[in-house]
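Take a look at the structure below.
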Amino acid sequence: MTLLRIYVAIFLIVLVTYTGIVIANHGMGLVQIFFGDMAALTWPGQFNLDFMGFLLLSGLWVSWRHHYSPIGLLLTPLAVFGGMGFLCVYLLVESFRVNGDLKALLLGKARAAA
């Protein structure tokens with residue numbers, strides 16, 4: 001669990017730094033570029049489509065982990081639109097909330113206890 005926590009913390013720092021540099025150099029035009037590449041049917045578009053599948057799966061997992069409760073449904077769009085920035089913080093916080101229990105981290109406390 002310590003290695004997972006270290007990984008997500010380091011990745012979050014790298015991601016925030018990288019994102020800040022990209023915004024400083026290119027502005028906030030992510031949405032147009034992201035969907036424009038997909039509309040052009042290019043390799044960057046294929047990558048974006050694949051990545052979008054991971055984002056949607058992340059959102060579904062977070063919602064499922066919370067048993068589709070109001071908090072789970074509230075966290076779902078954060079997972080989808082927040083990407084790894086959200087997931088790093090979420091996994092770090094939840095890893096402490098479940099006291100390092102990987103089964104509870106992945107399944108939620110209720111499913112892990114069953």
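The values are calculated or read from the model by the stated rules, or taken from the named source; none is laboratory data. Fair warning: this is a prediction, and the values are worked out from it, not measured in the lab. Reconstructed Cβ throughout: ideal geometry from the backbone, glycine too, with neighbour counts over all protein chains shown.
Scan the stretch 12-26 and tell me whether some residue there is in contact with a Ser or Thr (Cβ under 6 Å, 6 or more places away or on another chain) and closer than 23 Å to ALA104 by Cβ. Within the stretch 12-26, none of the residues are in contact with a Ser or Thr (Cβ under 6 Å, 6 or more places away or on another chain) and closer than 23 Å to ALA104 by Cβ.
Give me a count of the residues in the stretch 24-47 that are under 15 Å from GLY82 (Cα atoms) and assigned to a helix (DSSP H, G or I).
Filtering the stretch 24-47 down to residues under 15 Å from GLY82 (Cα atoms) leaves 28, 30-31, 34.
Of the ones still in play, those that are also assigned to a helix (DSSP H, G or I) are 30-31, 34.
Qualifying residue count, the stretch 24-47: 3.
For the stretch 15-43, name all the residues that are among the aliphatic types (A, V, I, L, M), modelled with pLDDT of 95 or more and farther than 10 Å from CYS88 by Cβ. ILE21, VAL22, ILE23, ALA24, MET38, ALA39, ALA40, LEU41, listed by residue number.
All conditions in (1) of a type in the set (A, V, I, L, M); (2) loosely packed, with under 12 Cβ neighbours inside 10 Å; (3) over 17 Å from the mean Cα position of the chain (by Cα); (4) at negative phi hold for ALA104, with the sole exception of (2). Output the residue which, of all residues in the stretch 33-87 that are of a type outside the set (A, V, I, L, M, F, W, C) and within 12 Å of the chain's Cα centre (by Cα), is surrounded by the fewest Cβ atoms within 10 Å (Cβ to Cβ). The extreme case among them is GLY53. Taken residue by residue, the stretch 21-32 has no member that is in contact (Cβ under 8 Å) with a residue 40 or more places away in the chain, touching a helix residue (DSSP H, G or I) at 6+ places or on another chain (Cβ under 9 Å) and of a type outside the set (Lys, Arg).
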